[in-house]
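The values are calculated or read from the model by the stated rules, or taken from the named source; none is laboratory data. Quick caveat: nothing in here was measured; it's all calculated off a predicted structure. All Cβ positions, glycine included, derive from the backbone under ideal geometry; neighbour counts span all protein chains shown.
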């Protein structure tokens, strides 16, 4: 879910005409960017001036919520410059995505409450605690790392076997302090997550919270997610790459090892979360979003039948953006050598906005040059990776994405018609 800067064209509509009119000339068309994101049982679509979230309720009704949302970059043209606009676009997408997710969570919460009042019980995979086993697995892994460190330092005879001793030494001897900090951070994150979850559920039960996630909790969740992402995709691979120093002194190779580990962790993480039924449903809606975007780009009528023929992968998906960030980080970090561990971590975190801005420009360039051999070469790995982040949707899911698309296009057309009339 990050950025989906699909480039579409908005055809001017006539407010006083019910009959279909011939397609306008290319010069009359207005090009604009449309983004999208899958949410809980729905899809969010965004145009330059609006966004719409369509969610299917338990009853089968499609509930649509739309708001005015003008990009910060559009309101501040001085920021609309290469390598700068991408950073603001990324943070805007994250904030808007959280708002869309919160709206869909509210709908899901209302349906769950209605089920409880009606005496129906949710299936096991839909219950809130079903996915919590992964939380406890994370806590267990962190505690194993901490206990292993203590045992190795105080009772090394426990690891007397040659192979076991080599593994233990690589984990707890050379990088014992790092393992301690990483393990402690993981434990702290999961404990805070559990406390926050318990607080929200108690508030909903006792006080009847209006939102599935209050603004303060949303900010804390976003902060915790960012911290976990830094720990998992920055600190962990960087610390683990130090192990390869026994094989090479080349700083370039060490950075390549770190990048390869980061990609491996990312792919493994996505592959693991697809085991959760709720995540697979979200990935199906992600595929529905792409199919509908393909249909609109092809100037076909927005119907499930037309959308069905298209791929669930799209060359301008946010998954490709993430892949560009991972690859570009290897190239950029290689120029900084392999300094001390704190300097490396500070460099990785500090340069993240720069790399995101560069990746955004690469994504826009490949979108503009699609069809060229070089652009296709850059696009293809992202399409492969989307086999993990998308799933084939059913017609009901596609219909939800179509509804979000229709509403946001209609709002954009009305807005531009008002501008022309003024």
* Asked: Condition test on residue 226, is it at negative phi, surrounded by 15 or more Cβ atoms within 10 Å (Cβ to Cβ) and either in a helix (DSSP H, G or I) or at pLDDT 85 or above (or both)?
  -> no
* Structure fact -> Within the range 43-71, the count of residues that are under 12 Å from residue 96 (Cα atoms), without any contact (Cβ under 8 Å) to a residue 60 or more places away in the chain and touching a helix residue (DSSP H, G or I) at 6+ places or on another chain (Cβ under 7 Å) comes to 2
* Asked: Residue check: is residue 48 part of a loop (DSSP other than H, G, I, E, B) and at pLDDT 75 or above?
  -> yes
